[in-house]
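The values are calculated or read from the model by the stated rules, or taken from the named source; none is laboratory data. Note that the structure is a prediction, hence the values are computed from the model and not measured. For neighbour counting, all protein chains shown are included, and Cβ atoms are generated from backbone atoms with ideal geometry for every residue, glycine included. Quick note on the areas: whole protein, heavy atoms, side chains included, nothing else; ligands and nucleic acids left out. Shrake-Rupley method; radii C 1.70, N 1.55, O 1.52, S 1.80 Å.
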Protein chains: 2
Amino acid sequence: MADKAQIQDAIKTQGEVVRKLKSEKASKEQIDEEVAKLLELKAQIGGDDGKNQFVLKTAKGTRDYNPRQMAIREKVFNTIISCFKRHGAETIDTPVFELKETLTGKYGEDSKLIYDLKDQGGELLSLRYDLTVPFARYLAMNKITNIKRYHIAKVYRRDNPAMTRGRYREFYQCDFDIAGQYDAMIPDAECLKIVHEILSELELGDFRIKVNDRRILDGMFAVCGVPDDKFRTICSTVDKLDKMAWEDVKMEMVKEKGLSEEVADQIGEYVSMQGGMDLAERLLQDQKMLQSKQACAGLSDIKLLFSYLQLFQVTDKVVFDLSLARGLDYYTGIIYEGVLTQAGVAPVSNEAQNGAPAGESVSVGSVAGGGRYDGLVGMFDPKGRKVPCVGVSIGIERIFSILEQKAEASAQKVRTTEVQVMVASAQKNLLEQRLRLITELWNAGIKAEVMHKKNPKLLSQLQHCEESGIPLVAILGEQELKDGVVKLRVVATREEFDISRADLVGEIRRRTSEA
Amino acid sequence: MADKAQIQDAIKTQGEVVRKLKSEKASKEQIDEEVAKLLELKAQIGGDDGKNQFVLKTAKGTRDYNPRQMAIREKVFNTIISCFKRHGAETIDTPVFELKETLTGKYGEDSKLIYDLKDQGGELLSLRYDLTVPFARYLAMNKITNIKRYHIAKVYRRDNPAMTRGRYREFYQCDFDIAGQYDAMIPDAECLKIVHEILSELELGDFRIKVNDRRILDGMFAVCGVPDDKFRTICSTVDKLDKMAWEDVKMEMVKEKGLSEEVADQIGEYVSMQGGMDLAERLLQDQKMLQSKQACAGLSDIKLLFSYLQLFQVTDKVVFDLSLARGLDYYTGIIYEGVLTQAGVAPVSNEAQNGAPAGESVSVGSVAGGGRYDGLVGMFDPKGRKVPCVGVSIGIERIFSILEQKAEASAQKVRTTEVQVMVASAQKNLLEQRLRLITELWNAGIKAEVMHKKNPKLLSQLQHCEESGIPLVAILGEQELKDGVVKLRVVATREEFDISRADLVGEIRRRTSEA
């Protein structure tokens, strides 16, 4: 740990940075980032600085969700869960931490990003890094050989957070997987159908689903002359093609990974290819590809996959893209990724609809990804028995970010409650009457609110309705009580009607039935 | 860490214990418990035992939820969330871990049960112990002075698990809290109304809601002659009265905590009192109680509370019980606890309905608890500004256990999916036709399944429906395709109808509209 005086100096300097940015009216993101650094420095000296003051913040890379964000989150989850349920998925849940050894050896280099728990006696534990490894552990432990399940839960990665771009250390994954020995490409095609349904229903703008196969990549590397032991590392270089130009990727292959220029250029030719079933057919005629049995098996499966995707009516968005690699080690077959394309930049051309290259599309970012992993469950089975699996993970955090920005930009208010009616009074000393009335409403299943004050002002009761979007107010006064009625006010139009007490529940239901 | 040979010996011995229990056909719980110990021992030597075998288990005190358990959990959550929403609550979410210092000094002795994360560089973090402290941190950090929110999430305690009784190290809390400066007892009464609604709607059998006030306890201790510095420790001894006889509690007060017999007996007299508003009125006449201003303030508030509870129509289940203490330090006023009473043992007598003692009731366990904590938010505010809060936490794990046992005991099957129809074929080579049909159904929003095989047997398709409770099967055959119809089979009655393709979606909707 750094010396305390050093930290206090750093706090001073950082404080000046923040003040400067503020005085220069820098962007909110920039200021937030520097404030975060400042708070972190302050956290390091914590309660020791004499003032015994708490550092009021959440852990680095994490955030609270406020009610507004939760309302958006709930909508997104509902859309996704409806889709999973429409496809007949069950759901499971697993603990947030696993035995450390359960996660060991599953994530390659990314293992360094795993959060470990402190050894407080007992087992060594780690926070889950994804939902796939716990799923495989669950299948092996319970000897389950086939299941279609979804799992929505938070996972943890000690990564460099970039919160303004939706990258956190604590974030949700929404996984759908099909485990079981089935006929080729049928479950795989259903996963792609699900990505298509979800991205369409969330109305995030245009998207593409890129498809490739690990066997095609491996076969291609082999026929291009990449040494066996370099497949994985070259694969992760190829994976950078969505962020880097080919020239830079090639440089990395040659300078860092030691390929010859010639080999790299051959790879370059293949990874520039995009298309549909026709591309798979063309490559099955390719003299070089034909040398690899693996590649041919993958290409035949891509063909079969596209035939099912046609039946599912989703080929308009699916592109067979030889540059798609995906990082994780455990994939064994088909891999895919859903990416949003900037609206306007990538119109759905006829070409793309026919499965031909959608070359001009600029990918805004991956919002779904997955593939086939036939070996993972076997790693947990004492006898190595395999359970073939294919699945997809929806990248919910980036979707939240987009929908949050959309909601902020639009004039429409996001409601954070579902309250149908506010029970209010126009005069003093009617608390008892308000509580009686709201009890009637609650007991009838009406969502209702009442102010927790003895004598609230009518204006503040009405204001609360305006602010939180409550559509109706049931107003009690001496006269209404005498007449056995309630004055029902429609907040939007300010109309008021006297409704008999007996009809009130029905009237509220009728007026808020679409809510 | 113990020596490896020692552990291997322990494994051997424990293995024999398990084998012996199994041969004696001991209860499943007993065997499970000993197997858990065995697995834990094995985990300690982990992959080092030469066989390189994974220990297939979840972390101690945690569990997976299978689809059946998830279906029950979803139902319970829906009931609880509906209630929270009916009362106009918003929801928030906070990260699973907090800065360690955020949790420091909030839980008294229980702090030792907090899970810390390993120091991997950066901040020191701990898993949240409850949802109340993160809520208070959230309010202070965002300068929120009034909100009505619920939060459903997992919390973590390194406690001794007793999983057969629903006590876990990872478990859900369902919290509802009202923060803000309001008139006395109105929000408090709403919290009790919520407990009443939830426990009624979950149909867990009869229940009581015990109510007391920290100020009454403190005042009572004062007038009985307990020294100021022993209030908290005597309070936690009183808290054991629901599990221990008075004689044992008295012994602890005298022998361990150093009270005189006389003082203990005076406490004993008070803590045996149960009642309703009448008891509060009686105690307000009690010469000894009158000496404590605090106690009188508490008693007046209990009276006021009962008057609101009458308006909310929930006094039938609420008992003012002077033995209720509750462990946590942060309560400052009213406290309460919902307990299930064994069915049959505790009929709702007229006495109890009038608020008089329900003495014979045997409490099966606390399933809800909460109270007022006016000082907690101020602990996080740099200037110590207070935000009064009152809330309740629903003890969902015990409720799950009860409902799981109920479901197991009942003949009724728990469905784990909501699939309305299975798309099946009676003959071979109809995969393409099945995929076309299911696409029509999915696109129309019907929940539908299809087997991922090219040529599944009709019998196995029908069996799957029987097992998983799918009510309808849409069967395709050569004849149906020729006629432009689908054979719709009702699984329960085995009836079959030919439905024209155009009418199929409507027919499925009509027949499954209550599902």
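Share of carbon and sulfur in the accessible area of the protein assembly as shown stands at 48%, probe radius 1.4 Å. Counting lysine pairs in region B:49-121 whose alpha carbons fall under 20 angstrom apart, excluding pairs fewer than 8 residues apart on the same chain, gives 5. In nanometres and ascending order, the distances from the residue A:118 label point to those of the other copies are 1.4 (point 7 Å from Cα along Cα→Cβ).
Enumerate the residues in region B:410-428 having an amide nitrogen under 18 Å from the point lying 7 Å beyond the Cα of residue B:495 toward its Cβ. Within reach of a label on residue B:495: B:421-422.
Note on residue A:481 and residue B:454: the model spin-label points, each 7 Å out from Cα along the C-beta direction, lie 7.9 nm apart. Distance between the pseudo-spin-label points of residue B:164 and residue A:36 (7 Å out from Cα toward the beta carbon): 4.8 nm. Figure legend: label point modelled 7 angstrom from the Cα of residue B:112 along Cα→Cβ; residues of region B:236-279 with amide N under 19 Å from it are B:236-237, B:240, B:256-257.
Computed over protein heavy atoms with a 1.4 Å probe, the accessible surface of chain B works out to 44 Å² per residue.
If you take the accessible area of B alone plus A alone and subtract the pair, what total do you get in square angstrom, rounded to 100, with a 1.4 Å probe?
On the way: alone 26870 and 26880 Å², together 45090 Å².
For B against A, buried area totals roughly 8700 Å².
Relative contact order of chain B, taken over Cα pairs closer than 8 Å and 6 or more residues apart, is 13 percent. In region A:301-335, burial by the other protein chains removes 30 Å² or more of 1.4 Å probe accessible surface, compared with the chain on its own, from A:308, A:311, A:312, A:313. Subtracting the Cα-Cα distance of residue B:19 and residue B:228 from 0.36 nm times their residue separation leaves 69.8 nm of extension gain. Of the beta bridges DSSP finds with both residues in region B:421-513, what % are antiparallel, to the nearest 5? Looking only at bridges with both residues in region B:421-513, the antiparallel portion is about 55 percent.
For region B:372-478, what does the relative contact order come out to in percent, with C-alpha contacts under 8 Å and a separation of six or more?
Values: 123 pairs, mean separation 28.9, N = 107.
Relative contact order comes out at 27 percent.
Closest approach of any chain A Cβ to the axis that rotates A onto B belongs to A:118, 2, distance given in whole Å.
Kindly provide log₁₀ I(q)/I(0) values, in the same order as q = 0.07, 0.08, 0.10 Å⁻¹, from the Debye equation applied to equal alpha-carbon scatterers of the protein assembly as shown. Here log10 of I(q) over I(0) equals -0.74, -0.97, -1.44. Going by the alpha-carbon gyration tensor, a ≥ b ≥ c the square roots of its eigenvalues, is region B:421-513 rounded (a/c under 1.5) or, if a/c is not under 1.5, prolate (a/b greater than b/c) versus oblate? In terms of gyration-tensor shape, rounded. Interface residues of region A:104-120, defined as those with an accessible-area decrease of at least 30 Å² between the chain by itself and the complete set of protein chains (probe 1.4 Å), are A:115, A:116, A:117, A:118, A:120.
Plainly put, the tip 7 Å out from Cα toward Cβ on residue A:443 is 5.1 nm from that tip on each other copy, the closest given first.
Scanning residues 5 or more positions from residue A:167 or on other chains, those with amide H under 5 Å from its amide H are A:162, with H placed 1.01 Å from N in the peptide plane. Spin-label model, residue B:26/residue A:509: points 7 Å from Cα along the beta carbon direction are separated by 5.6 nm.
Projecting the Cα atoms of B:144, B:172, B:224 onto the charge dipole of chain B (Cβ charges, centred on the Cα centre) puts B:172 farthest toward the positive pole.
Ratio of Rg to Rh for region B:203-296: 0.99 [Cα atoms; Kirkwood radius as inverse mean 1/r over pairs]. Straight-line cross-link partners of residue B:482 among the lysines, defined as a Cα under 18 Å from its Cα and at least 8 positions apart when in the same chain: B:428.
If packing is taken as the mean number of other Cβ atoms within 10 Å per residue, what is the order of A:466-479, A:169-182, highest first?
On the way: A:466-479: 17.9, A:169-182: 21.2.
Descending mean neighbour count gives A:169-182, A:466-479.
Taking every protein chain into account, the 1.4 Å probe leaves residue B:151 with about 0 Å² of accessible area, to the nearest ten. For residue B:509, the point set 7 Å out from Cα toward Cβ sits 2.2 nm from its twins in the other copies, listed from shortest up. Put simply, the Cα atoms of chain A extend 93, 66, 51 Å along their principal axes, the longest span coming first.
Greater than 24 Å separation of Cα atoms is the criterion. Which listed pairs, A:28/A:317; B:257/B:303; A:457/B:148; B:25/B:154, meet it? Can you show the working numbers first?
Details: A:28/A:317 36 Å; B:257/B:303 32 Å; A:457/B:148 20 Å; B:25/B:154 35 Å.
A:28/A:317; B:257/B:303; B:25/B:154, as the Cα separations exceed 24 Å there.
Here's the list of aspartates and glutamates a cross-link from residue A:20 could span, going by alpha-carbon distance under 14 Å and ignoring same-chain residues fewer than 8 apart: A:32, A:33, A:34.
Largest first, the residues B:42, A:85, A:60 sort by 1.4 Å accessible area into B:42, A:60, A:85. Interface burial in region A:381-419, defined as at least 10 Å² less accessible area with all protein chains than with the chain alone at a 1.4 Å probe, covers A:382, A:416, A:417, A:418, A:419.
Within the assembled protein chains, the solvent-accessible surface assigned to residue B:408 is about 130 Å², based on a 1.4 Å probe.
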